[in-house]
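The values are calculated or read from the model by the stated rules, or taken from the named source; none is laboratory data. Bear in mind the structure is a predicted one, so any value in this text is a computation, not a measurement. Note that each Cβ is placed from the backbone with ideal geometry, even for glycine, and that neighbours are counted across all protein chains shown. Please note that ligands, DNA and RNA were not included when accessible areas were found on the heavy atoms of the full protein model with its side chains. Shrake-Rupley method; radii C 1.70, N 1.55, O 1.52, S 1.80 Å.
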Amino acid sequence: MKKGKLFVVSGPSGVGKDTIVGEYLKNNKGILSISATTRKPRDGEKDGKDYYFLTKEEFEDWIKKDDFLEYAVYNDNYYGTPKSKIFENLEKGIDVFLIIEVNGAIQIKNKISESILIFVLPPSMEELEKRIKNRNLDSEEVINNRLKIARDEIKLSSKYDYVVTNNKIEDTVKKLKMIIDNEKN
Ligand code: 5GP
């Protein structure tokens, strides 16, 4: 049987990467890996669904036990991909999707060279700022920090196998499907 593929999707905060992968997975096979983080849950986020919300001590304990495929610090919090089930799913022929920041994505590529890295770009920095502000999730300070991180992240997009600009969600989902179909054949 054909093995599943590991797709790693990155892009600045607010670019729409969760929506794009979520829309793709509504109509196509594959599973989204649930990450662990030490950041506090936002309104409506559920433990074990959006993230595994851990304390710093718990997260560091997982690191010691070698339970992460990759992890990174982003905006003063830990984020990591639990190893469990990823290889099991790939062996079963199921595609696995990670939506993670750039340092983690590069760690994955170094460990698993067959993984496919896809970077989602905003149409412009102005548009990204507008989207982050419209989400109304963050304070001014956090927003400015996210925009600074975004500029640094975009510089690393040259390390990705594919770069897609998210102008319109439906079009970006189509582009994502084309990339995936192409990689699977
Ligand atoms: P947020 O706090 O907005 O949910 O996520 C902040 C950033 O962390 C996003 O770029 C998100 O993709 C990234 N992220 C989420 N989970 C992981 C993970 O498991 N590993 C890494 N390296 N980054 C992650």
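Annotations for the structure displayed:
- Test for residue 80: is it of a type in the set (Gly, Ala, Ser) and assigned to a strand (DSSP E or B): yes
- Beta carbons closer than 6 Å, at least 6 apart along the sequence or on distinct chains, pair a first residue in region 37-52 that is closer than 19 Å to residue 72 by Cβ with a second that is open to solvent by 100 Å² or more (accessible area, probe 1.4 Å) for 38/56.
- The set of residues in region 138-185 being open to solvent by 50 Å² or more (accessible area, probe 1.4 Å), not in a helix (DSSP H, G or I) and not polar (S, T, N, Q) consists of 161, 162, 163, 168.
- When region 64-98 is limited to residues that are crowded, with 21+ Cβ neighbours inside 10 Å and among the β-branched types (Val, Ile, Thr), the one that is farthest from the ligand (Cβ to nearest atom) turns out to be 96.
- Listed by first and then second residue, the pairs with beta-carbon distance under 6 Å, at least 6 apart or on different chains, first residue in region 1-15 and aliphatic (A, V, I, L, M), second part of a strand (DSSP E or B), are 6/96; 8/98; 8/117; 9/99; 9/118; 15/120.
- Top-ranked residue in region 119-135 [being under 21 Å from residue 50 (Cβ atoms) and touching a residue at least 40 places away in the same chain (Cβ under 8 Å); ranked as surrounded by the most Cβ atoms within 10 Å (Cβ to Cβ)]: 120
- Of all residues in region 1-59, those being open to solvent by 70 Å² or more (accessible area, probe 1.4 Å), assigned to a strand (DSSP E or B) and within 12 Å of the ligand (Cβ to nearest atom) number 2.
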